Amino acid sequence: MTPLLDGTIILPDTPLGAPLRRRLLHVNGVGSDRAKQLRDLNRLAALTAAHPLEIRGIHNQTHGFQADLLESFLGKAELYHFWPENPAPDPAKDRRYDYAKLLGQLVNKDLADDADILAIAQPSQLQQRPLSLNSAADLTKLLDLSFLQKLGWGDFVQYLYGVFPVGAPRPTLRLAYEIVKGLQTGAELYLVAHSQGLIITALACHIVRQLLLPQTKWMETVHLIGYGPAIFFADLPPELQPRTILIQHRQDVVAETLSNLRNVDLWSNLQTQMEKVMHYANDLLQVTGQDSHHSASFYLGLQDSPSSRRSVELIQILLTQSWSATPSLAVLKGTRVILEL
């Protein structure tokens, strides 16, 4: 039986012997398996060797490009409901309260790196959640149920996910748990994420914010670095937006497409919307076969091109220099840096 990898912790090949006051939490993006994330963690360790951080990877297990895109679509739709300009939901219907309640129970435990966080958060005999996403076909088959097309957003995601976070629940809850554990140790946190990993990171930060309210000063110790980003700044908690720098190549059409996915009237015709997502997936998969500007290897400088080298140089600077004491970095906070050819 294949061991569960989703939401588990991956460490670089040469992890540091003792925890440090600077901790990097990494979430991988679409189509990234364990080997690719381990490559990325080792790359980040090499880039920061002179100014070491404790590096922990939260694995977002891939189920194929189409299934990953569907997860991204649902996660983006959830984040859209948290935008400041949208009416504040009734607390009884705001799913962040349920997420924070789950997290509050988890942070009192010491979880093993390979723990199944959903099973710990809610034992299997209590779970009433029909979604088991192992392929795109699983979700599209479920969405063929006609009654789902009549549900509002809240009832729809309640049916699919129960009290668990929408999209990629295991890595989302695990990242939220790791953020709180890092804060409890007094660590300065660097959240580093690629592609769909930014959607997971944004939702995890909303959950932590809800848990720790009314305190928000903890976000002053957090730095968020996203490459190949799949989010808008509005997807993030307001206090975290000025602590964030996003890096995107101008020809990264995958990041551009994922960033622009919102709720797009999801509740009015679910089947039609999911068919559109599948169409996006087929088109984007063809693009990624020809264009590597969205890959983690591009942004981490593992490709032989000037823009790839510029990207990794910027990421290295962001991980090794003070954002507040370095004027050139201070002006980048809260911006999306666009890389040219």
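Taken together, the criteria exclude residue 80 from residues that are under 27 Å from residue 232 (Cα atoms), aromatic (Phe, Trp, Tyr) and surrounded by 19 or more Cβ atoms within 10 Å (Cβ to Cβ). Contact map, the stretch 204-220: first residue under 11 Å from residue 99 (Cα atoms) and touching a residue at least 12 places away in the same chain (Cβ under 8 Å), second residue outside any helix (DSSP H, G or I) and open to solvent by 10 Å² or more (accessible area, probe 1.4 Å), Cβ cut-off under 6 Å, separation 6 or more or different chains; pairs are 206/82. Within the stretch 57-77, the only residue that satisfies the criterion of being open to solvent by less than 10 Å² (accessible area, probe 1.4 Å), closer than 30 Å to residue 16 by Cα and polar (S, T, N, Q) is 60. Among the residues of the stretch 321-341, those that are open to solvent by 10 Å² or more (accessible area, probe 1.4 Å), of a type outside the set (Lys, Arg), within 24 Å of residue 239 (Cα to Cα) and assigned to a loop (DSSP other than H, G, I, E, B) comprise 321, 322, 324, 325, 326, 331, 332, 334.
Out of curiosity, is residue 231 within 15 Å of residue 339 (Cα to Cα), modelled with pLDDT of 65 or more and of a type outside the set (D, E, K, R)?
Details: within 15 Å of residue 339 (Cα to Cα): no; modelled with pLDDT of 65 or more: yes; of a type outside the set (D, E, K, R): yes.
Spelling it out, it is not the case that residue 231 is within 15 Å of residue 339 (Cα to Cα), modelled with pLDDT of 65 or more and of a type outside the set (D, E, K, R).
With respect to the conditions (1) crowded, with 24+ Cβ neighbours inside 10 Å; (2) within 21 Å of residue 24 (Cα to Cα), residue 258 falls short on a single one, namely (2). Among the residues making up the stretch 174-210, a single one is open to solvent by less than 10 Å² (accessible area, probe 1.4 Å) and of a type in the set (Lys, Arg): 174.
Just for the stretch 287-320: of the residues that are in a loop (DSSP other than H, G, I, E, B) and touching a residue at least 40 places away in the same chain (Cβ under 8 Å), which one is surrounded by the fewest Cβ atoms within 10 Å (Cβ to Cβ)?
Quick first cut of the stretch 287-320, residues in a loop (DSSP other than H, G, I, E, B) only: 291-295, 300-305.
Okay, now just the ones that are also touching a residue at least 40 places away in the same chain (Cβ under 8 Å), so 291, 293-295, 300-302.
Details: 291: 16, 293: 24, 294: 28, 295: 22, 300: 21, 301: 20, 302: 14.
Among residues in the stretch 287-320 that are in a loop (DSSP other than H, G, I, E, B) and touching a residue at least 40 places away in the same chain (Cβ under 8 Å), the one surrounded by the fewest Cβ atoms within 10 Å (Cβ to Cβ) is 302.
Inspect all residues belonging to the stretch 46-56 and state whether any of them is modelled with pLDDT of 90 or more, crowded, with 19+ Cβ neighbours inside 10 Å and closer than 21 Å to residue 118 by Cβ. Yes, the stretch 46-56 contains at least one residue that is modelled with pLDDT of 90 or more, crowded, with 19+ Cβ neighbours inside 10 Å and closer than 21 Å to residue 118 by Cβ. Of all the numbered requirements in (1) in contact with a strand residue (DSSP E or B) (Cβ under 8 Å, 6 or more places away or on another chain); (2) touching a residue at least 60 places away in the same chain (Cβ under 8 Å); (3) not in a strand (DSSP E or B), residue 192 misses one, and that requirement is (3). May I ask you to say which residue of 90, 94, 68, 33 is modelled with pLDDT of 90 or more and of a type in the set (D, E, K, R)? The match here is 33.
Kindly provide the set of residues from the stretch 227-263 that are in a strand (DSSP E or B) and closer than 17 Å to residue 82 by Cβ, ordered by number. Scanning the stretch 227-263 gives a single hit, 244.
The values are calculated or read from the model by the stated rules, or taken from the named source; none is laboratory data. Being a predicted model, the structure only gives us computed values, none of them experimental. Neighbour counts run over all protein chains shown; Cβ positions are idealised from the backbone, glycine included. Remember, those area values only see protein heavy atoms, side chains included, never the ligands or the DNA or RNA. Shrake-Rupley method; radii C 1.70, N 1.55, O 1.52, S 1.80 Å.
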